[in-house]
Each structure stands twice: as C-alpha cells, then as structure tokens.
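*Asks:* One structure is given below, represented as structure tokens, and several questions about it will come after.
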C-alpha cells in the first residue's frame with residue numbers, strides 16, 4: 001500500500017486537491033486508535049463511486065462519515081482506512097412546501113436545513129445530539145434520534161426515500177417522494193441504522209411537519225426515581241400529547257438548585273391547546289407530590305430543550321462512557337434502582353423506554369471495574385427483554401467488551417445481507433454488530 005502522500009495524490013485524481021483533507025487534519029476524523037490514511041471529501045455521486053472502486057481495487061477499507069460526530073460508535077476497527085465524508089454534498093435538491101416533503105444531499109447539516117424550512121413555517125421533527133454539526137446522512141445512517149421521537153418517531157418514521165452507493169459503485173434508489181410509496185420490501189429501513197455497512201447514503205427524501213405556533217415545558221422534581229417514573233408514565237398515557245417526557249437524574253439543570261430526579265415534559269401546538277395540557281399535567285404532578293413545579297417558555301424553553309437533547313454529546317470519548325439502554329417502559333423504574341450508584345448522570349426518554357447513562361472517567365477510574373459494571377448492566381437489561389449499547393467509550397474499554405452485545409438468532413441473517421451488499425467487506429468492516 002502507498003504511503004499517505006502518494007495515496008492522497010492518487011485519490012486527488014478523482015476528487016481534486018480540494019477534495020482531500022490535508023494529513024495534518026486527518027486526526028479530526030480519527031476514531032478509537034485509528035487515524036485515517038486519507039480523508040476524502042467528494043462533491044458528486046460520481047466521485048463517491050470512483051473512490052469506492054479505487055479503494056476496492058487497492059485493498060483499502062472505507063469509513064463513511066458526515067460531520068464525524070458518530071465515528072466513535074462501534075467496535076474497534078480491524079484496520080485504519082479511508083474516511084469518506086459527504087460534507088460537500090450539502091444541497092437541497094427539491095423542496096415542496098405544499099407537500100411537506102424535501103429531498104436533500106446527505107451532507108447537509110440539520111441546522112442549515114431547519115433554517116431553510118423555517119422560512120415556510122416547517123421543520124424536520126428530529127432533534128438528535130450534536131445538533132449544530134450533525135448531517136442528515138449521518139442521522140439516517142445511525143438512526144439517531146432525540147426526545148422528539150415520542151411525538152414524531154425516529155429517522156425510520158420520517159425517511160421517504162434514499163439514494164445509496166453500494167461498495168461496487170452501483171447507485172440504487174429506494175422509496176420515493178410521497179408517504180405511501182412502498183410496494184414490496186421497504187429497503188429504506190434496511191439502510192437506516194446500518195452505520196454505513198451496506199452502502200453510502202448520498203440523498204434523502206424526508207417528510208416534514210408544520211412548525212408549532214407555541215411551545216412550552218413543565219418541569220418538576222421528586223424525592224425518588226420511582227415516583228418520578230410513575231408520574232412521567234402517567235403523563236405519557238394520559239389524554240395530553242407531549243412532544244417529550246424526559247427524566248433527568250444526577251444531571252445539573254439551571255432550572256433547579258438541587259439534583260433531585262427531575263421530570264421535563266414538553267408540549268407544542270396551538271397556544272390554547274398547550275395551555276390546557278400544561279394545566280392538566282400540572283394537576284397530575286401536584287397530585288403526585290411533585291416539588292417546585294415550573295413552566296418554561298420562550299428562550300428558556302429552547303435552552304432547556306438543547307440541554308436535554310445534547311445529553312449524549314461528549315467532547316472526548318477518553319473521559320466518558322455513554323451507554324444507551326432500551327427497555328419496556330414498565331421496566332424503567334426497577335432498572336434505574338438496580339443500576340444507579342449515585343455518581344453517573346442519567347437521562348431517560350420515558351415514553352420510548354430509552355435510558356442514557358453518562359459515566360465519567362477520571363485519572364483514578366478503574367477501567368476493569370467499569371467493564372464489569374457495564375457487563376452487569378447489560379445482563380440486567382437482557383433479563384427483562386432489553387438491550388444495552390455502548391455509544392462512547394475509550395479503546396481500553398472496547399477491547400474488553402462488545403459495544404453492541406449479542407443479537408441472537410438474527411446474526412446469520414445480518415451477515416448474509418452484509419455479504420450480498422458488500423461482499424469484500426469494504427464498508428466500515430468489523431465495527432457493527434457481530435463484527436459485521
């Protein structure tokens with residue numbers, strides 16, 4: 001294989017000098033212990049195809065990326081390869097406000113898209129972490145979501161169509177531009193959440209939602225986690241329609257001076273409807289012995305939304321372990337009681353059964369003990385029919401524990417699909433479930 005300088009020279013034949021990140025900046029797209037041999041930034045689908053064909057012919061692996069915010073998710077890589085980032089494919093291809101649909105190139109930032117949609121009082125109802133940097137392609141490839149998934153669902157619910165380049169360089173299209181367009185297999189859902197292991201997403205068609213006229217949060221604290229969970233779930237199952245119902249534990253919030261378990265419930269819609277829902281929920285909270293019920297609106301609303309949205313966001317994977325646990329809602333309270341030791345910060349998406357644990361790593365941390373704790377937490381989740389995924393962790397932790405966990409009987413099927421779509425294991429190899 002060529003050295004870095006000659007590799008960049010050869011790749012520049014396909015993408016030009018402006019399509020190659022300088023060697024001194026490659027570390028920006030490093031992941032775990034890997035600094036990529038080259039970072040390529042194509043600006044057309046043809047250039048994506050050319051780079052994939054070159055990589056296949058010369059034995060390089062390719063790691064698809066958007067802004068690089070999710071590169072740390074996955075098992076340790078078998079070898080460092082070429083990072084292919086789509087940040088120059090960042091245009092709005094087609095926008096039909098009357099149809100509430102938009103087609104975009106995968107490298108467009110979510111923040112930039114929302115700015116354009118807001119001109120027509122519309123928005124894409126997804127709020128994953130890294131909101132100021134994440135790209136639409138990265139969101140879709142990782143099926144990233146945020147608190148709004150309670151009301152609007154995840155990327156799987158909002159993607160209408162995809163254009164994808166396979167490892168062979170072949171361009172395929174799935175879905176379409178209308179809500180009801182699926183005849184036969186829904187291939188969109190095969191690519192969404194596949195972490196770039198089946199193909200590189202270059203274009204996405206999405207359904208949109210009207211921008212709410214009014215938004216507000218009602219927040220309150222509780223003496224213990226059990227009461228907070230019980231009350232939050234009663235709101236989820238009530239006649240109100242919250243956009244999110246989150247529970248914060250051990251996480252400092254500007255709104256309260258104490259770090260008690262805190263319910264944060266959002267509403268959006270017509271002002272009269274939001275007011276009725278706030279009043280209804282306030283009564284529920286007070287009947288369940290909530291402390292210091294507060295209503296948050298305007299700028300404070302956006303600040304608090306950002307705070308809970310960005311909870312899984314870590315500046316460095318070397319000093320944090322971020323864990324995502326998926327459970328039935330009815331198992332949340334018991335699981336929290338069994339696994340909270342008083343130091344980790346926790347954010348729960350109560351309506352969806354998702355728990356994020358943020359465990360700080362300091363110079364005195366015992367990594368062996370952390371791995372042991374993670375193994376116990378995973379087993380407890382499995383025992384009640386759930387699962388645990390490690391989203392961020394230092395390489396020393398990943399060497400001792402599979403970040404995804406077992407996928408059981410679906411393992412063989414997933415490996416067969418990978419082999420059909422990417423026979424040479426060119427795309428993001430070894431990092432997804434079952435080392436796919």
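For (1) surrounded by 20 or more Cβ atoms within 10 Å (Cβ to Cβ); (2) at pLDDT 95 or above; (3) in contact with a helix residue (DSSP H, G or I) (Cβ under 7 Å, 6 or more places away or on another chain), each residue gets a yes or a no:
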site: 313; (1), (2), (3): no, no, no
site: 318; (1), (2), (3): no, no, no
site: 336; (1), (2), (3): yes, yes, yes
site: 375; (1), (2), (3): no, yes, no
site: 387; (1), (2), (3): no, yes, yes
site: 408; (1), (2), (3): no, no, no
site: 411; (1), (2), (3): no, no, yes
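*Asks:* Within the stretch 20-32, take every residue that is in contact with a strand residue (DSSP E or B) (Cβ under 6 Å, 6 or more places away or on another chain) and part of a helix (DSSP H, G or I) and give me the one that is modelled with the highest pLDDT.
*Replies:* Within the stretch 20-32, the match that is modelled with the highest pLDDT is 29.
*Asks:* Further question: How many residues, within the stretch 276-303, are in contact with a strand residue (DSSP E or B) (Cβ under 7 Å, 6 or more places away or on another chain), within 22 Å of residue 227 (Cα to Cα) and outside any strand (DSSP E or B)?
*Replies:* 7
*Asks:* Right, something else. Could you go through the stretch 78-99 and let me know if any residue there is outside any strand (DSSP E or B), under 30 Å from residue 247 (Cα atoms) and not assigned by TED's automatic domain parsing to the domain that holds residue 36. Step through it out loud before you land on a result.
*Replies:* Keep residues of the stretch 78-99 that are outside any strand (DSSP E or B), which gives 78-81, 86-91, 97-99.
The next check asks that each one be under 30 Å from residue 247 (Cα atoms); those that pass are none.
Scanning the stretch 78-99 turns up no residue that is outside any strand (DSSP E or B), under 30 Å from residue 247 (Cα atoms) and not assigned by TED's automatic domain parsing to the domain that holds residue 36.
*Asks:* Only residues that are free of Cβ contacts under 8 Å to residues at least 40 places away in the same chain and either crowded, with 19+ Cβ neighbours inside 10 Å or at negative phi (or both): list them for the stretch 276-299, please.
*Replies:* Selection gives 276, 277, 279, 283, 286, 287, 299.
*Asks:* On to the next question. In the stretch 109-133, which residues are closer than 18 Å to residue 96 by Cβ and touching a helix residue (DSSP H, G or I) at 6+ places or on another chain (Cβ under 7 Å)?
*Replies:* 113, 120, 122, 123, 124, 125
*Asks:* Taking residue 205 as the residue in question, decide whether it is closer than 18 Å to residue 89 by Cβ, touching a strand residue (DSSP E or B) at 6+ places or on another chain (Cβ under 8 Å) and at pLDDT 95 or above. Full working, then the answer.
*Replies:* Values: closer than 18 Å to residue 89 by Cβ: yes; touching a strand residue (DSSP E or B) at 6+ places or on another chain (Cβ under 8 Å): yes; at pLDDT 95 or above: yes.
When the stated conditions are applied, residue 205 passes them.
*Asks:* Something else: Is one or more of the residues making up the stretch 420-434 out of contact with any helix residue (DSSP H, G or I) (no Cβ under 9 Å at 6 or more places or on another chain), surrounded by fewer than 21 Cβ atoms within 10 Å (Cβ to Cβ), closer than 19 Å to residue 189 by Cβ and not assigned by TED's automatic domain parsing to the domain that holds residue 264?
*Replies:* Within the stretch 420-434 (the criterion being out of contact with any helix residue (DSSP H, G or I) (no Cβ under 9 Å at 6 or more places or on another chain), surrounded by fewer than 21 Cβ atoms within 10 Å (Cβ to Cβ), closer than 19 Å to residue 189 by Cβ and not assigned by TED's automatic domain parsing to the domain that holds residue 264), the answer is yes, since at least one residue qualifies.
The values are calculated or read from the model by the stated rules, or taken from the named source; none is laboratory data. All figures in this text were calculated on a predicted structure; none of them were measured in a lab. Neighbour counts run over all protein chains shown; Cβ positions are idealised from the backbone, glycine included.
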